[in-house]
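The values are calculated or read from the model by the stated rules, or taken from the named source; none is laboratory data. Keep in mind that this is a model prediction, so the values were computed, not measured. So basically every Cβ, Gly included, is an ideal-geometry build from the backbone, and we count neighbours across all protein chains shown. What goes into the accessible areas is simple: the full protein's heavy atoms, side chains included, and nothing from ligands, DNA or RNA. Shrake-Rupley method; radii C 1.70, N 1.55, O 1.52, S 1.80 Å.
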Amino acid sequence: MPPATGSTMRCWKRSLSAFVAAFCAWLLCFGVAQAADISLRNPQLELTDDGYALSADFNINFNTRLEEVISKGVVLYFVIDFELTRSRWYWFDEVVLRRNRTIQLSYHALTRQYRLSTGSLHQGYATLDEALRVMARVRYWPVIDKGEVRSDKAYQAAVRMRLDLSQMPKTFQVSALSSRDWSLNSDWVRWGFMPAELASLAGDAK
């Protein structure tokens with residue numbers, strides 16, 4: 001086999017460099033596609049005059065695909081799901097109650113503002129990051145009425161946030177279901193809840 005010439009080596013090095021650059025670009029694009037996620041920390045139930053309210057902090061990260069879609073005026077629907085269950089030794093856990101709250105995130109080109117809407121409440125923000133920070137902070141959301149739980153029973157609370165594709169236009173649903181760029185859901189976070197203990201802690205704090 002004849003030895004490689006200088007020109008052959010240079011050509012081989014250029015090809016290798018081009019391959020490495022293309023591979024790094026692919027990794028970068030793959031990383032961007034994977035960057036969309038939601039995580040949750042510090043969920044807790046607090047005693048109120050009427051029952052119990054949920055507070056939690058989410059961490060919401062968009063990828064470039066979602067940022068592009070929202071900037072073009074497409075409304076994104078996020079749902080916070082809350083669930084309360086009670087263990088039963090003889091059967092599946094009993095679902096005591098379920099609650100959900102829908103938050104609409106949109107961009108209005110005329111005002112150049114991002115808007116969060118929950119029911120009849122609307123609030124505008126100058127940047128997407130600001131809107132996401134506000135959406136990520138859940139404070140004093142009433143989820144349990146006093147009559148729905150017993151003070152002497154132990155329960156398990158659970159909460160998550162998800163991007164609800166079913167509320168989007170059909171044309172987007174088709175492409176979203178086949179692309180992981182649209183996968184934006186947190187895992188369920190669960191913790192024990194004892195009404196009697198919470199009432200005792202609230203009494204000690206007074």
Residue check for Arg65: within 19 Å of the chain's Cα centre (by Cα), open to solvent by 30 Å² or more (accessible area, probe 1.4 Å) and not hydrophobic (A, V, I, L, M, F, W, C): yes
Selected residue (criterion: nearest to Glu148 (Cα to Cα)) from residues of the range 96-120 that are outside any strand (DSSP E or B) and small (Gly, Ala, Ser): Gly119
Qualifying residue in the range 161-176 (condition: more than 18 Å from Pro43 (Cβ to Cβ), part of a strand (DSSP E or B), open to solvent by 70 Å² or more (accessible area, probe 1.4 Å) and of a type outside the set (Phe, Trp, Tyr)): no
Count of the range 48-76 residues which are among the charged types (D, E, K, R) and in contact (Cβ under 8 Å) with a residue 40 or more places away in the chain: 4
Among residues of the range 77-115, those that are under 21 Å from Arg139 (Cα atoms) and in contact (Cβ under 8 Å) with a residue 60 or more places away in the chain, counted: 9
Matching option when the condition is open to solvent by 30 Å² or more (accessible area, probe 1.4 Å), modelled with pLDDT under 95 and not in a strand (DSSP E or B), among Arg150, Arg133: Arg150
All positions within the range 76-119 that are out of contact with any Phe, Trp or Tyr (no Cβ under 8 Å at 6 or more places or on another chain), more than 18 Å from Glu130 (Cβ to Cβ), open to solvent by less than 60 Å² (accessible area, probe 1.4 Å) and among the β-branched types (Val, Ile, Thr): Val79
Among (1) modelled with pLDDT of 95 or more; (2) within 20 Å of the chain's Cα centre (by Cα) - the single one Tyr52 does not satisfy: (2)
Residues of the range 79-95 satisfying the condition of being out of contact with any Lys or Arg (no Cβ under 8 Å at 6 or more places or on another chain) and not in a strand (DSSP E or B): Ser87, Arg88, Trp89, Tyr90, Trp91, Phe92
Close pairs from the range 181-202: first closer than 22 Å to Arg65 by Cα and at pLDDT below 95, partner assigned to a helix (DSSP H, G or I) and among the acidic types (Asp, Glu), Cβ under 8 Å, at least 6 apart: none
